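J.: Below: one structure in structure tokens.
Just so you know, all these numbers are worked out from the coordinates, no wet-lab data involved. In this text, all values refer to a predicted model and were calculated from it rather than measured experimentally. Every residue, glycine among them, receives a Cβ derived from its backbone with ideal geometry; neighbour counts consider all protein chains shown.
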Amino acid sequence: MFTQKQIEAAAEYLKKNQHLLSWSELAKSALEAAEAEAWEPIDSAPKDGTDIWLGRSGTDNGRLIGFWYRPWGTWNYYSPGKLGFTPTHWRPIPPAPQA
């Protein structure tokens, strides 16, 4: 499901670039613009133990599922080893596909 903010980002990209790209390139780029808008600043993330995607600004390789761990006052995650980065952004985990 896309948010209104994502839809608007994709539409804006399409308006600005429709004359530059093929239809498949345009669709891919519009979806990437929508995807980028799904991320919110970490300050707005839920701190009630809800599982969310954690991400770091400026990189694609710093994403994982985690949650706020109140006793430690820090972000925790489901992965062995150290977090390796301080999250700057978050987004809800999308629903599972339906059969």
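J.: Which of the trypsin sites (Lys or Arg not before Pro) found in the stretch 1-59 are in a DSSP loop and have at most 14 neighbouring Cβ atoms, other than their own, within 10 Å?
T.: Those satisfying the criteria are Lys47.
J.: Need one number: nm distance between label points at Ser57 and Glu35, each 7 Å from Cα along Cα→Cβ, rounded to one decimal.
T.: Placing both labels 7 Å along Cα→Cβ, they lie 2.1 nm apart.
J.: Continuing with the same structure: Working from Cα positions, state the angle (0 to 90°, nearest 10) between the long axis of helix 23-37 and the longest principal axis of the chain.
T.: For 23-37 against the chain, the angle is about 30 degrees.
J.: When the helices in the chain are scored as -39500 (n - 2.57) per DSSP H run of 4 or longer and the sum is shared across all residues, what 222 nm value do you end up with, to the nearest 500 deg cm²/dmol?
T.: -9500 deg cm²/dmol
J.: Taking the Cα-to-Cβ direction at Ile7 and at Thr86 and moving 7 Å from each Cα, how far apart do the two end points lie in nm?
T.: 3.7
J.: Provide the FRET efficiency to the nearest 0.05 for the Lys15-Asp48 pair, computing r from the beta carbons and using R0 = 35 Å.
T.: Efficiency, from the Cβ-Cβ distance: 0.35.
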